[in-house]
Each structure stands twice: as C-alpha cells, then as structure tokens.
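Presented below is the structure to which this report refers.
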Amino acid sequence: MNRSINDVQLQVLRWVADGADLDNPPIETFKKSAIALKDRKLIRVSKSTGKWNATITEAGSYYLEHGRYPQLERASSGRNLPAPPKRSSASNRSPTAPGKSPKGRIAVNAKPGPTPAEPQRLPGAIDIPTQLRRPHTAVREIIDHKARLDVPSEQRQRALLILHALVQEAVRRDWTVSANPSTIRRDPWTDRRTRVSPGADLFTIDAGDKPVAIRLRMRQKRVEHKLTDEEIARKERYSWSYAPKYDFEPTDRMRLEIREGSTNAYGIEDTAATYIEDKLIRAIERIEEASVKQRELVERWRQRDIEIAEERRRAEIFRQRAERYSSWFETLEQLRSDVARHRELTDTVERLRSAINLGDPTDENLGVLGEYLAWSEQHLEDSDPLRAIRLPKGERPDLSYEEWREWTRRNFRSHSGQAVTGWT
C-alpha cells in the first residue's frame, strides 16, 4: 500500500521513530493513525502483556528520510536500493577514549567514523561539540567525578559531550546553570578522602522561573526475576519468598531526563532511528516550557488572590450595609418593646386611679395614695417612648428586607454575640 500519509500520520510516524513514549503522545487519536501506518507497512503495532507498543519498520525509516516508499524508488530507477542503515545500539556512536592536548583540553571525538547515512535531525538541532573546551562548572564537577554518570565507561565521554552541549545552549540563552557538586568525605582513621555523589541529579537549569534537574543514565528494561539459590532455598524452607517479581536491567540505549519534581520527568532516549544528540533541542524546549508553565501558574495564583481579595471586599461592604439595616431594625424592635411596656404601664396607672377614686374617704392612707398617683402619672408622661425617640446613627439602609434576612440567616450570631461570617 503506497498511499501518501497526511501531516498527522507523519507526526505519529516520527513519534514512533523516537521510541513511542506513551506518556507524551503527539495527539489523542495516535492509535487510529498508528493503525493507518501499520496498514502501509511503515510501523509494527503489538499489544503484548496487555501493553500497547509500536516500533518503526525499515520502510518507515526510509519514508522519514526520503519522503517516499522504498519500492517507489526502486520502480523509478529500475534497480534495487540498499536498505537504510540500521542502528543496533547507541554504543555504535560512542566516542573514543579522551586524550589530553598539550594545552590541557580534553579532546574527544564525537563520532568514531563515517556512517552510511546521517540520522534524521530535528529542525533547530543543537550541534554537539567534538571537544570539551572550557566546560561549565556543572560539567567540570562531573568530569572530576565521572562515577556519578550511571552509564558504562565506554559511554561516559559521549555523555559528557551531550551534557556539555546542553549546558552551552542554556548559557547561550542566558539561563542559570547550577552545579550539584560532590562532597568530600575524609576517613577519620586513614585520613583518606573520597568523593561522595550528591544523588542522581547532575545539575539544574533554570530558564527563568522553574529550575529543573538533569539526569543521564542508560535506559532500563523490565525482565522477569530469576530466583537465586538462596531465594529458592528460603522458599522451600519457609514456603514463602520476598523475591521481586521483576528486575530492571540497563540496555545499550542512553536516556536524558529533565525532572521538574520527584514524579514529573520528561525523557529523551536513543532509538533505532535517532540519537539523543539529534533531538537535544527537545530538552531545551522542555526546560523552557517548565518556566512558562510556572509563570502561568504564578499568574493564576495572583489572579486567584485578586479574586479572593475582591470577594472579601464585596463581602465587607455587604456586611456593613447589613449591619446598618440591623441597627435600624434593633432600634425599631426596642421602640416596639418600649411602647408595649408603656401601654401596660398606662393601664396600671389607670387602674390605680380608679382604685383611689373608689376608696374610703375616711382612710387615713388616701392622701399618701394620692401623692403616689400624682407621681405615677408624671412618670407615665415622662417615660413615653414616643416623646423622645432615639434614632440610629448612619444613613438609611439600602438593603431590602429579603436581602437582610438572607444575610442574617447565613451570618448567625453565636452565644458570645459575635457574628459568624459565612456569606461571600
């Protein structure tokens, strides 16, 4: 099947050539495009052990390099073309052992020799230097303690060149590169000094707002664990075993990791069609993307703080309006209570007057009762709440009764008399 592929399928084909990282698919419908590429014999798709996987074929590698199918080339030329070069491992590209020049520079060959064909390079690819000239402090720390590189000894110089190129590009962009130096431990008995690795993070790069850690190691593959003699003996003796189900063994392919935290990591690996050197620009883009995401996150936090402050401001204004309504309502409620009490007091004085009028004229206490009645009538007149009404301070409330009642329901008062705010 020699139908041409569209841009989306071409994007999926390149993604498969880079190793088909399922954590970072190019599109959500990549499996649908992968089936179309499988029908064209450009990739192989499998689902072993329940895990979806895709690998590129020789025809797919040829299509990426030439933009056409191999059989079309043979048909047009009338002769058979050789298959595209097949890279069995990343070690084929490993540089030779370093040699120090008279000027003290560490000279390393980036490529051991000519290859049948140049690999597919991404646009804007970063050139890998052939020598470690004036390395950054972060790289110098690793040169002085090469054991920190979790790669075979024959791959260390290639790893150093990759890290050197990455740091150079970061410095060129005015980013901050911070070393993660080893520490020196001295034996108290022998006074022997040894370097102690600070961990897997080799150094950090900060594009402005988010430092990310850089790691470099060999890619690992999961294999079933084979019980050792000791584990077999323990299982036979105790009928149980704590042996792991799988082991992880290093492969011959290198992996560069950009870690934004303990769990968020982005990896660039050697594949059958490309090396890390060919797509190092992706690491730069990922580092820059981390700072962009951090800036966006900080901006979202800032906007959220502004929204919260605005909500609190409006809530405070509404609280003041509601409390002004409450003040006027409490004044009216107090006036109602005073009027009702004064009405009862008026009835009492009236009864007292009737009792005195109906009393015995010869009663010697009648004069005293008359004086008391006169005082009661004066007190009744002076205590009339409508005679001197104490109005609340402030302007007239601008809330409706329904709004005030809803606010009081949401902001009930505790036994101490303090309002508990629950309205925003």
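Values for this structure:
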item: Difference of contour (0.36 nm per residue) and Cα-Cα distance, residue 201 to residue 321; result: 37.4 nm
item: Sites residue 376 and residue 330 - FRET efficiency at Förster radius 35 Å, r taken between beta-carbons, to 0.05; result: 0.75
item: FRET efficiency, residue 58 to residue 242 (Cβ-Cβ, R0 45 Å, nearest 0.05); result: 0.50
item: Accessible area in the full protein assembly, largest first, 1.4 Å probe, for 194, 263; result: 263, 194
item: Residue order for 342, 164 - accessible surface, 1.4 angstrom probe, largest first; result: 342, 164
item: Share of carbon and sulfur in the accessible heavy-atom surface of the range 235-322 [1.4 Å probe, %]; result: 49
item: Spatially proximal aspartates and glutamates relative to residue 210 (Cα-Cα < 20 Å; intrachain offsets below 8 disregarded); result: 169, 174, 201, 257, 260, 285, 288, 289, 296, 299
item: Fully extended contour minus Cα-Cα distance, from residue 224 to residue 347, at 0.36 nm per residue; result: 34.2 nm
item: Projected-area average for the range 135-261 over all orientations - Cα convex hull basis, square nanometres; result: 11.9
item: Expected-Rg normalisation [2.2 N^0.38 Å, Cα atoms] applied to the range 252-348; result: 2.71
item: Hull volume in cubic angstrom per residue (convex hull over the Cα atoms of the range 371-411); result: 130
item: Modelled label reach - residue 408, point 7 Å along Cα→Cβ, the range 351-395 residues with backbone N closer than 20 Å; result: 390-395
item: Solvent-accessible surface (1.4 angstrom probe) belonging to residue 240, in square angstrom, nearest 10; result: 110
item: Residue-count net charge about residue 201 - beta-carbon cut-off 10 Å; Lys, Arg +1, Asp, Glu -1; result: +2
item: Mean accessible surface per residue for the range 214-363, computed with a 1.4 Å probe while every protein chain stays in place, in Å²; result: 67
item: Where N is the number of residues in the range 187-310, Cα Rg divided by 2.2 N^0.38 Å; result: 1.64
item: Entries of 32/293; 51/245; 51/221; 31/221; 221/245; 38/221 with Cα pairs more than 19 Å apart; result: 32/293; 31/221; 38/221
item: Förster radius 22 Å - calculated FRET efficiency between residue 390 and residue 368, Cβ distance, rounded to 0.05; result: 0.05
item: Residue-level accessible surface for residue 405, protein heavy atoms, 1.4 Å, Å²; result: 120
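The values are calculated or read from the model by the stated rules, or taken from the named source; none is laboratory data. Treat the numbers as computed from the prediction; the structure is a model and nothing was measured. Using ideal geometry, Cβ is built from the backbone for each residue, glycine included, and neighbour counts are taken over all protein chains shown. These area figures cover heavy atoms from the full protein model, side chains too; ligands, DNA and RNA do not enter into them. Shrake-Rupley method; radii C 1.70, N 1.55, O 1.52, S 1.80 Å.
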